[in-house]
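For reference, the structure discussed in these notes is given below.
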There are 2 protein chains.
Amino acid sequence: MNVLITAGGTTEKIDNVRSISNTSTGRLGCLIADDFSTNSSVEKIFYICGKAAARPESAKTEIIYVDSVASLENALRGLLSRVKVDIIIHSMAVSDYRVKAVTTVSDFGKTMLESGKISSNVDDLLLVMERTPKIIAMFRDVSPQSTLVGFKLLDNSPFETLIDRGFDVLTQNNCTFVLANDLTEISGERHVGYLIDRTKNFTKYETKQAIAEATVSATI
Amino acid sequence: MNVLITAGGTTEKIDNVRSISNTSTGRLGCLIADDFSTNSSVEKIFYICGKAAARPESAKTEIIYVDSVASLENALRGLLSRVKVDIIIHSMAVSDYRVKAVTTVSDFGKTMLESGKISSNVDDLLLVMERTPKIIAMFRDVSPQSTLVGFKLLDNSPFETLIDRGFDVLTQNNCTFVLANDLTEISGERHVGYLIDRTKNFTKYETKQAIAEATVSATI
């Protein structure tokens, strides 16, 4: 049985010295990898992560580094075209936007209006961002047979919204499970997560280790 | 003798999960710290760095972590108000801009024009960035007696431009030296740097170790 885990965060370049990152430690993905590696039915774990992510050390694990969403997509398509993966755990924090253009307020005004400038004396810089392709939507196309666990992270959301939005991700992307969690319930060793299934039933876990164990038992 | 070294890069938050970073390994700053630590006249090294930066391990070194430019400024002002620092090596890659607002093309148009919208059907996100305070300009105010080494990094610049722009940084901020370097001349162990003095004379070095040794001998 082969497992694919994405973890950590993506990084989109602004220029050669600046970049936009999704800050994710990858610690949960790492624990999930470690838990899978102790299971004798798991042959190989492909761990695709950002360069700053926590890394599992099991001999079964092959680590593949990515930075941008485009490099993540390339790595996933390449891997899934040559390897049959049974379980996909998509825990990576993937940027929704990437840099399309860097401009200034005055130049932006000109471009958008094709008329006189709004101001020529502004110190503001503008980063124009465009949507990235939805990585989670790709999995069902390139690896339809896999068990797929998606992740949904919100910030300071009511509990019902968290479950609803998590279930939306599940139905929109035909996931097997979605792990929904909220930033305000993650600190240090505490990590509250709700593992939602296709009937919208869910179980609550309160540590990364408990989430990791539940994710492995639910999917293996 | 007390030494202050800034190293690595700053990180400006966009929101609770996204941030803009200046990517700098801090390896050069770390080598400089290690070189200072072997000198018997150095009592203490304050090493102010981003969380991802390389870290010196000398017992003489106190590491102070910062993230945003504001936190860097606070840390520096706090430190320099209570400690007399003889030498300042400002190698940190400090962001020139921070996030002022996150908006969309259509909302931005409304705000800027106070009239009809430019478009209501755009997936583009806009990050409006404002200038950060110039950290290097602060050192002469709060620690006028210190020997000050500034850094100037360009990308694919002609040699003359690199020396001119480096010397501009020196004169504008009353530095003792400026280390000018270009991204295209930094890869792996190779790191070309020009240590420029107040007469615009300079010496070329070709490795991080050579730059570190020259910086220590020139300032101690």
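Determine the order of B:Thr132, B:Thr207 by accessible area, beginning with the largest, at a probe radius of 1.4 Å.
Values: B:Thr132 20, B:Thr207 55 Å².
The residues order as B:Thr207, B:Thr132, largest area first.
In nanometres, what is the gap between the two model label sites at B:Asp96 and A:Lys51, each 7 Å from Cα along Cα-to-Cβ?
Inter-label distance under the simple model: 2.2 nm.
With an 8 Å Cα cut-off and a minimum separation of 6 or more residues, compute the relative contact order for the stretch B:139-220 in percent.
On the way: 129 pairs, mean separation 19.5, N = 82.
About 24 percent, as a whole number.
Could you give each residue of the stretch A:66-82 its phi-based ³J(HN,Hα) in whole Hz, using Karplus coefficients 6.51, -1.76, 1.60 with θ = phi - 60°, and x for Gly or Pro?
9, 10, 7, 4, 4, 5, 5, 4, 4, 4, 5, 4, x, 5, 6, 7, 10
Indicate, rounded to the nearest 5 percent, the antiparallel portion of the DSSP beta bridges found entirely in the protein assembly as shown. Numbers along the way, then the final one.
Details: 52 of 102 bridges.
So the antiparallel bridges amount to about 50 percent of the total.
With every protein chain left in place and a probe of 1.4 Å, what is the accessible surface of B:Ser157, to the nearest 10 Å²?
Looks like 40 Å² after rounding.
Ordering B:Glu57, B:Glu43 from largest to smallest accessible area (1.4 angstrom probe), what's the sequence?
Working: B:Glu57 170, B:Glu43 135 Å².
My answer, sorted largest first, is B:Glu57, B:Glu43.
Could you give the length gained by full extension between B:Thr104 and B:Tyr65, i.e. 0.36 nm per residue of separation minus their alpha carbon distance, to one decimal place?
Working: separation 39, 0.36 × 39 = 14.04 nm, distance 3.34 nm.
Length gained between B:Thr104 and B:Tyr65: 10.7 nm.
State the extension gain, in nm to one decimal, for the chain segment bounded by B:Lys84 and B:Gln209, taking 0.36 nm per residue of separation less the distance between their alpha-carbons. Walk me through the numbers before you get to the answer.
Values: separation 125, 0.36 × 125 = 45.00 nm, distance 2.71 nm.
Result for the pair: 42.3 nm of gain on full extension.
Can you tell me the FRET efficiency between A:Arg77 and B:Val142 if r is taken as the Cβ-Cβ distance and R0 is 60 Å, rounded to the nearest 0.05?
Values: r = 53 Å, r/R0 = 0.88.
E between A:Arg77 and B:Val142, to the nearest 0.05, is 0.70.
What are the ³J(HN,Hα) couplings of the stretch A:8-19, residue after residue, when phi is run through the Karplus curve with 6.51, -1.76, 1.60 and θ = phi - 60°? Round to Hz, x for glycine and proline.
x, x, 7, 9, 10, 5, 8, 8, 6, 10, 10, 8
Keeping all protein chains in position, work out how much accessible area A:His90 exposes to a 1.4 Å probe, and write it in Å² to the nearest 10.
Only protein atoms counted, so the area is about 10 Å².
Give a residue-ordered list of calculated ³J(HN,Hα) values for the stretch A:213-220 (Karplus: 6.51 cos²θ - 1.76 cosθ + 1.60, θ = phi - 60°; whole Hz; x for Gly, Pro).
4, 5, 5, 5, 5, 6, 10, 7
How many angstrom lie between the Cα centre of the stretch B:60-103 and the Cα centre of the stretch B:174-188?
19 Å
Could you pull out every residue, at least 5 positions away or on a different chain, whose amide H is within less than 5 Å of the one on A:Thr23? Hs are placed 1.01 Å off N in the peptide plane, and Pro or chain starts have none.
Long-range HN contacts for A:Thr23: B:Arg18, B:Ser19.
When the expected Rg is taken as 2.2 N^0.38 Å, what fraction or multiple of it is the alpha-carbon Rg of the stretch A:123-220?
This ratio for the stretch A:123-220 stands at 1.22.
Modelled label-to-label distance, B:Ile186 and A:Met1, 7 Å Cα→beta-carbon offset: nm?
About 4.6 nm separates the two model spin labels.
Along Cα→Cβ, 7 Å out, is where each label goes; now give me the distance between the ones at B:Asp155 and A:Thr176 in nm to one decimal.
Placing both labels 7 Å along Cα→Cβ, they lie 4.2 nm apart.
For B:Ser91, which sequence-distant residues (separation of 5 or more, or a different chain) have an amide H within less than 5 Å of its own amide H, given hydrogens modelled in the peptide plane?
Those lying under 5 Å, H to H, from B:Ser91 are B:Thr6.
Amide H neighbours of A:Thr61 under 5 Å, at least 5 residues apart or on other chains, H built in the peptide plane: list them.
Amide H neighbours of A:Thr61: A:Ile45.
The values are calculated or read from the model by the stated rules, or taken from the named source; none is laboratory data. All of these numbers come straight from a predicted model, not from anything done at the bench. Counting neighbours? That spans all protein chains shown, and the Cβs are built from the backbone with ideal geometry, glycine included. In case anyone asks, the SASA skips ligands and DNA or RNA and just uses the protein heavy atoms, side chains included. Shrake-Rupley method; radii C 1.70, N 1.55, O 1.52, S 1.80 Å.
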